[in-house]
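Peer 1: Can you keep this structure in mind? I'll have questions shortly.
The values are calculated or read from the model by the stated rules, or taken from the named source; none is laboratory data. Computed from a predicted model, the values in this text were never measured in an experiment. We place every Cβ from the backbone using ideal geometry, glycine too, and count neighbours over all the protein chains shown. Remember, those area values only see protein heavy atoms, side chains included, never the ligands or the DNA or RNA. Shrake-Rupley method; radii C 1.70, N 1.55, O 1.52, S 1.80 Å.
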Amino acid sequence: MKINLYIPTLNAGNKWPQVIESINRQSLSLHRKVIIDSGSTDQTLSAKFIEGFDVIKIDKKDFDHGGTRQLAVETYPDAAIFVFLTQDAILADHSAIEKLVQAFENNPNLGVAYGRQLPHLNAKTLESHARLFNYPAHSETRSFLDAGKYGIKTISCSNSFAAYRKEAFLEVGGFPKGLILGEDAYIAGKMILAGWDLAYVSDSKVHHSHNYSVKEEFKRYFDIGVFHAESDWIFENFGRAESRGMQYLQSELSYALKNNPVALPKSIASLFAKWAGYKIGLKHNKLPLNFKRKLSMHSRFWHSTY
């Protein structure tokens, strides 16, 4: 079975050498390793890093979370499984991709699988909690029959480290273009509605986390609110996100109090910023275009015709 790996890049930064090293030591042989770069000006495309990779170059202004990944697949579609990684996700061991792909071999009805994200080794308290809450130690397989149990978590998926069966990917039309973010949850939801399963594979691991400021958290959750507002079929089929948010709030405050009480003020501020950003994002249609650009992490998304 042929496996292709795809990585979107733009100035990948100081974790890039570790990302490349972690890919090159994988036990599973990859048919292709594909980089789709949006105009890097650092060392991302240096010969020492891209040896053995196919490279697609696009203009920075043309980057689109779904459309760019879709372009990579359409350019190199010659595999049965499409694996996606982000430029700051470091595979935790030599068998990470192999374990993710094994999930498809064990379940012929599996359309999408994603791995466990561990905090980076230097991660701070709040970013560590985010990974521990969203990526637990136990694996799960979900289908539409589980929507009542898991709610919106049914379609949880992250292209920081995820894999898709080509048959399922093509059946639902691949990644959509024009989403502000969330192309991974979008296609996972479409696959589940089409009768495919989704798997969370906890023993397939990457190190991946972010130390966002309170302002960045607001902007990120504003964009999530926009994504949900523009994809209302998600609410109709899988429920809303508010109950999940309350569980997260309680978990983070408890984790910060136990592990690093000094982080509590930032925790409280960031939790409020997430809530406010998400709620405003849900109502973004009532806001002026220039204001939406200021509130978003993806200002280029807000073109005049949107």
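Peer 1: Under 12 Å from the Cα of Lys215, which aspartates and glutamates turn up, not counting those fewer than eight places away in the same chain?
Peer 2: Cross-link targets: none qualify.
Peer 1: While we're on this one: Among (1) 52, 43, 36; (2) 61, 46, 36; (3) 45, 44, 42, which is the computed Cα extents along the principal axes in Å?
Peer 2: Only one listed value fits the structure, namely (3).
Peer 1: List the aspartates and glutamates whose Cα lies under 16 Å from the Cα of Lys274, skipping any in the same chain that are fewer than 8 positions away.
Peer 2: Glu127, Glu216, Glu217, Asp223, Glu242, Glu252
Peer 1: Please sort 251-261, 178-188 by packing, taking for each peptide the average over its residues of neighbouring beta carbons within 10 angstrom, highest first.
Peer 2: Final packing ranking: 178-188, 251-261.
Peer 1: Also, quick follow-up: Round to a whole angstrom and tell me the spacing of the C-alpha centers of region 231-260 and region 43-69.
Peer 2: 34 Å
Peer 1: A further question follows. Cβ under 15 Å from Glu216's Cβ, Glu216 left aside: what net charge do those residues give with Lys, Arg +1 and Asp, Glu -1?
Peer 2: +3
Peer 1: I'd like to check one number: the per residue accessible area of the chain, probe 1.4 Å, reported in Å² as a whole number.
Peer 2: 46 Å²
Peer 1: Can you tell me which of 191-198, 148-155, 135-142 comes out highest on packing, and rank the rest after it, using the mean Cβ neighbours within 10 Å?
Peer 2: Result, highest mean Cβ count within 10 Å first: 191-198, 148-155, 135-142.
Peer 1: Could you tally up the Lys pairs in region 27-149 with alpha carbons closer than 24 Å? Skip any pair fewer than 8 positions apart unless they're on separate chains.
Peer 2: Final tally of qualifying lysine pairs is 7.
Peer 1: Then there is this: For labels at Thr75 and Ser231 in the simple 7 Å Cα→Cβ model, what's the distance in nm?
Peer 2: Simple spin-label model gives 2.4 nm for this pair.
Peer 1: If I compute solvent accessible area with a 1.4 Å probe over the protein chains, what percent of it on region 9-83 is carbon and sulfur?
Peer 2: Answer for region 9-83: carbon and sulfur cover 47 percent of the accessible area.
Peer 1: Next up: At a 1.4 Å probe radius, carbon and sulfur cover how many percent of the accessible area of region 191-241?
Peer 2: Ligands and nucleic acids excluded, carbon and sulfur give 45 percent.
Peer 1: Cα centroid distance between region 190-207 and region 89-160, in Å?
Peer 2: Their Cα centres are 7 Å away from one another.
Peer 1: If the limit is 21 Å between Cα atoms, which of Lys258/Lys279; Lys219/Lys286; Lys2/Lys190 go over it?
Peer 2: The pairs that break the limit, which is 21 Å between Cα atoms, are Lys258/Lys279; Lys2/Lys190.
Peer 1: More than 15 Å apart: what percent of Cα pairs in region 1-80 qualify?
Peer 2: 55 percent
Peer 1: Let me ask something else about it. If a/c stays under 1.5 just call it rounded; otherwise compare a/b with b/c (prolate if a/b is bigger, oblate if not). Do that for region 57-207, with a ≥ b ≥ c from the square roots of the Cα gyration tensor eigenvalues.
Peer 2: rounded
Peer 1: Beyond 11 Å, what percent of the Cα pairs of region 1-43 remain?
Peer 2: Considering region 1-43, 69 percent of its Cα-Cα pairs are separated by more than 11 Å.
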